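Asks: Have a look at the structure that comes next, please.
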Amino acid sequence: MLQKTEKQEDAACSGFRTMIGGQALIEGILMRGPKKQAIVVRKPDGDTEVKVEDLKLVKDRYPSLGIPFLRGCVNFVDSMAKGVKALMWSAEFYPEDETEQPKSKFDQWLEKKLDSQAAMKVITTLSVVLGMAFAVVLFIILPTVLITAVLHFFPGFPLWGRNLLEGIVKVAVFMGYLMLCSRMKDIKRTFSYHGAEHKTIFCYERGLPLTVENVRPMPRHHPRCGTSFLFVVIVVAILTSSMVFAIPGIRAVAANAFVRIGIHLLLLPVVVAVTYEINRFVGRHDNPLTRAVSAPGMWMQNWTTFEPDDSMIEVAIQALELVLPEKKGEDTW
């Protein structure tokens, strides 16, 4: 864990909390404010490319989707879709192979049947679905199948112990996945942009002018980071499944791996909804309880955020300035 300076401790304890959040991209940052979303990418020639859009929220079109608990799943999917779209846009400036490659049949079909905007929607939707499917396989199906296979040799193993072991495997897989990703060169640069995003938001919340000199000493660990959200999702999933599997009718068939996987999938929207409300509460309050809830996620940011260089901080500052509200206080959390 980083040793915080006195200035960092003071910044971390700032009373102002902004609802502005961001996401690291390929050589860039997405910042989302109360009314606008901005993407800033550092191009290979050193200049920056900027894309600013008015933020269209699902709850503005369908107010009923903004009520507590229901809004969690809606905002999660919406954020994923916007994030994937922004990531794909940033990747266009850094093609993997400069030589022209023949297009796949799927790409040719999309170009023939759909215009560019419609094709982008299809690709974004597929990316979100595949991303969620990957997460389900990695964090739900794999731990359940693995523990079921191991406990096949221990037929009398208690149900609470099975849930505990599955939870341990989920946490281990999650941590291992983050650690492996952090060792990849390109991903490490992206995680450095992640650090720049956190530092810049901290500087803004502290009320300091947004300059590289002011942003540089800020903490790179932020309590409202998405890493904390994902970790709490795993914890809530463990607690929720333990309660559901304790129901007599379900407990009788809970040893079956397919039944357990099906129940985990059915509980997933509930888990995301509850976790979203927990994170909102933690983000709005600063006390021993909320600090304890956010502590594991803060610790795991050792692998998802790295110290940025000044050029990354410049990108983060530019992105944040583009989404600042016209009236002071409109972005208060």
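Asks: What are the ³J(HN,Hα) couplings of segment 220-226, residue after residue, when phi is run through the Karplus curve with 6.51, -1.76, 1.60 and θ = phi - 60°? Round to Hz, x for glycine and proline.
Replies: 8, 9, 10, x, 9, 6, x
Asks: Same structure, new question: What is the set of long-range amide H partners of MET218 at a cut-off below 5 Å, with H atoms built 1.01 Å from backbone N?
Replies: Those lying under 5 Å, H to H, from MET218: there are none.
Asks: Which pairs break 24 Å Cα to Cα here: LYS36/LYS59; LYS51/LYS85; LYS51/LYS121; LYS36/LYS188?
Replies: On the way: LYS36/LYS59 15 Å; LYS51/LYS85 12 Å; LYS51/LYS121 18 Å; LYS36/LYS188 28 Å.
Pairs exceeding 24 Å: LYS36/LYS188.
Asks: Now for a different question. Which ³J(HN,Hα) values in Hz, rounded to whole numbers, follow from the phi angles of segment 86-94 under the Karplus curve 6.51 cos²θ - 1.76 cosθ + 1.60, where θ = phi - 60° and Gly and Pro get x?
Replies: 5, 5, 5, 5, 5, 5, 5, 7, 9
Asks: Placing one identical point scatterer on every Cα of the chain and ignoring solvent, what is log10 I(q)/I(0) from the Debye formula at q = 0.08, 0.11, 0.15 Å⁻¹?
Replies: Listed by q, the Debye log ratios stand at -0.43, -0.81, -1.36.
Asks: Still on this structure: Under 5 Å between amide hydrogens, which residues at least 5 positions from LEU25 or on another chain qualify, with H placed 1.01 Å from N in the peptide plane?
Replies: Under 5 Å from the amide H of LEU25 lie the amide H atoms of LEU30, each far enough along the sequence or on another chain.
Asks: Continuing with this model, one more query. Please work out the ratio of the alpha-carbon Rg of segment 161-305 to 2.2 N^0.38 Å and round it to two decimals. Display every interim value, and only then the final one.
Replies: Working: Rg = 18.3 Å, N = 145, 2.2 N^0.38 = 14.6 Å.
My calculation over the Cα atoms of segment 161-305 gives 1.26.
Asks: Still on this structure, I have one more. Apply the Karplus parameterisation 6.51 cos²θ - 1.76 cosθ + 1.60, with θ equal to phi minus 60°, to every residue of segment 235-246 and state each ³J(HN,Hα) to the nearest whole Hz, in sequence, with x for glycine and proline.
Replies: 5, 5, 4, 5, 5, 5, 5, 4, 5, 5, 5, 7
Asks: With n ≥ 4 as the cut-off for DSSP H runs, can you work out [θ] at 222 nm for the chain, using -39500 (n - 2.57) per run divided by the number of residues, rounded to the nearest 500?
Replies: Values: 14 runs with 202 residues, N = 333.
My calculation for the chain gives -19500 deg cm²/dmol from helical runs alone.
Asks: Pairs of alpha-carbon atoms within less than 8 angstrom and 6+ residues apart define the contacts here; what relative contact order does the chain have, in percent? Spell out each step's value before the answer.
Replies: Numbers: 404 pairs, mean separation 101.3, N = 333.
RCO, the chain: 30 percent.
Asks: Given H placed on each backbone N at 1.01 Å, which residues far from LYS36 in sequence or on other chains put an amide H within less than 5 Å of it?
Replies: LEU55
Asks: For segment 31-94, what mean projected area does the convex hull of the alpha carbons give, in nm²? Provide the component values of the computation, followed by the final result.
Replies: Numbers: hull surface 18.4 nm².
Projected area, direction-averaged: 4.6 nm².
Throughout, read-outs are computed from the coordinates displayed, never taken from laboratory work. These figures come from a predicted structure and were not determined experimentally.
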